[in-house]
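Working notes, structure below.
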Amino acid sequence: MSLQYVVRRVLLFLLIIWVGTSLIFFLPKLAPNRDPVAQRLGMLAATGGVNSDEIDAMVEAYRAKFGLDLPVWRQYLNYMGDMLRFDFNYSLAMYPATVIEIIGRAVPWSVGLLAVSTFFAFLLGSLLGGLLGWPRTPRIVHYISTPFLMMSSVPYYLLGLIVMYIFAFKLKWLPLGGGSQYGTMPSLSWTFIIDVVQHAILPALSMVIAGIGFWALSMRGMMVTTLGEDYVMLAEARGLSPRRIFFRYAMRNAILPQTTGLALSAGTILSGSLLVEVIFRYPGMGSVLYRAITSFDFFMIYGVVFFVVLTVGLATLMLDLIYPFLDPRIRYSRQ
C-alpha cells in the first residue's frame, strides 16, 4: 500500500465528513419554523413551564447565548469550529447539560449493543451461508436456515416488536425495555452486569435474527462462486480433507467480499440499531436522537448525526486500509 493512496483516502474521508456536517447544519435551516429556541420555549409556555409574559425576552436571551442571532455564515463558521473541537453547545431540552456529556453517557450503550449483535450476526450468518453453498452439507442445515433466510427481509424494529411481545409480554422471561432495572446505580458488580445483559438480550436478538439471514444469503452466493475456482479444484484433486478445503480454501477467500459488504452496510446496520433502541427504550444514541427530534433540540440532533456520519466514515476508511492485509493479492499501487 502506497503512502499516496493512504493520503488520498484520508482526504476523501475528511471531505465526506465536511459534506455530512454541512448538510447537518443547513438542512434544519430550510424548515419553516427554524428557530429551535422559540419552538422550545413556546412548548414550555404552552405547558406552563415558563411565564408566557416573559417569553420574548427569554427567546432573545437564549438566542444570543447560543449564537442564533448571528448571520448564517457566522453561525456556520462557529459551527464548523465547534465540530473540530467536538463542542456541540448546550442541549436545549436538558439545559444546562451539554450535548457531548449526554452523548458520552449514551455511546457506551450503543457501541456495546451494536458491536456484540453485529459480530454474532456476521459470524453465524457467514458460517451458515458457507454451509449452504457447500455441497457436502447435511440437509438438516437447509431446513434450519429457512426461517433465518425468510426473516432477512424483516426490519430490525419489526422483529424487535415480535420478540418483545413473545419473550417479555407473554412469557415474561426478559424485561420489556430499558438498559437496567429502574433506579439501579451503575457499578462493577455481577448483579449489575447480569441486569444489563438481561435488558440487552431482546434488542440484540432482534438484530442478530435479521442479520443472520442477510449475511447467509450473501455468503452463499460467494461460496458457490469460490467453489468453481481452480485452486479449490486443485485442492480436491490433491486429496485434501473436505474440512480443510472448506475453511482454508473456500471460506477464507469467500469471506473477503463479505467483509467489504460489512463496511458498505455499516450505515444501514447503525440506523436499524437506532430504531431498535427507541422501541426498547435502550439508553443509547437512538433514544437520545428520538428525544432530541421530539423536543426540537437541534444541537443534540447535530451532535448525534455527526457521530453517526463519523462512525460510518471511519468504518469504511479502516476497512479500506486493512483490506490489503486481509488479501495480500490486492495492491493499490502500480508495480
Query raised in the report: What number goes with the only condition from (1) hydrophobic (A, V, I, L, M, F, W, C); (2) closer than 29 Å to LEU314 by Cα; (3) at pLDDT below 80 that ALA93 does not pass?
Result: (2)
Report summary line: Across (1) without any contact (Cβ under 8 Å) to a residue 12 or more places away in the chain; (2) in a helix (DSSP H, G or I); (3) not hydroxyl-bearing (Ser, Thr, Tyr), LEU275 clears everything bar (1)
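Within the range 238-292, take every residue that is among the polar types (S, T, N, Q) and within 19 Å of ILE322 (Cβ to Cβ) and give me the one that is nearest to the chain's Cα centre (by Cα).
The residue in question is SER265.
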Query raised in the report: Here are some residues: SER206, SER218. Which one is at pLDDT 80 or above, open to solvent by 20 Å² or more (accessible area, probe 1.4 Å), within 16 Å of SER152 (Cβ to Cβ) and among the polar types (S, T, N, Q)?
Result: SER218
Report task. For the range 128-139, state whether one or more residues are among the polar types (S, T, N, Q), free of Cβ contacts under 8 Å to residues at least 40 places away in the same chain and not in a helix (DSSP H, G or I). Result -> yes
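Count, please, the residues in the range 151-175 that happen to be among the hydrophobic types (A, V, I, L, M, F, W, C) and either touching a His at 6+ places or on another chain (Cβ under 7 Å) or within 25 Å of ALA250 (Cα to Cα) (or both). Show your work before the answer.
We begin by selecting, within the range 151-175, every residue among the hydrophobic types (A, V, I, L, M, F, W, C); these are 151, 154, 158-159, 161-164, 166-169, 171, 173-174.
Those still in the list that are either touching a His at 6+ places or on another chain (Cβ under 7 Å) or within 25 Å of ALA250 (Cα to Cα) (or both) too: none.
Number of matching residues: 0.
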Report summary line: Reported set for the range 267-308 where residues are open to solvent by less than 20 Å² (accessible area, probe 1.4 Å) and of a type in the set (Gly, Ala, Ser) is GLY272, SER273, GLY284, GLY286, SER287, ALA292, SER295, GLY303
Query raised in the report: Of the numbered conditions (1) in a helix (DSSP H, G or I); (2) open to solvent by 30 Å² or more (accessible area, probe 1.4 Å), LEU176 satisfies every one except a single condition; which is it?
Result: (1)
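So that you can scan it fast, the table gives a plain yes or no per residue for (1) without any contact (Cβ under 8 Å) to a residue 40 or more places away in the chain; (2) of a type in the set (A, V, I, L, M):
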residue	(1), (2)
LEU217	no, yes
ARG220	no, no
TYR231	yes, no
ALA237	yes, yes
ARG244	yes, no
GLN258	no, no
GLY267	no, no
Report summary line: Scanning the range 91-139 for residues that are aromatic (Phe, Trp, Tyr) and more than 30 Å from GLU236 (Cα to Cα) gives TYR95, TRP109, PHE119, PHE120
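Please enumerate the residues belonging to the range 127-181 that are of a type in the set (S, T, N, Q) and more than 24 Å from LEU270 (Cβ to Cβ). Spell out how you get there, then give the answer.
Initial filter on the range 127-181 (of a type in the set (S, T, N, Q)): 137, 145-146, 152-153, 180-181.
Within the range 127-181, THR137, SER145, THR146, GLN181 qualify.
The values are calculated or read from the model by the stated rules, or taken from the named source; none is laboratory data. Since we're looking at a predicted model, the values are computed, not measured. Don't worry about glycine lacking a Cβ; one is built from the backbone with ideal geometry, like all the others, and counts go over all protein chains shown. Side chains included, ligands, DNA and RNA excluded: accessible areas come from the protein's heavy atoms. Shrake-Rupley method; radii C 1.70, N 1.55, O 1.52, S 1.80 Å.
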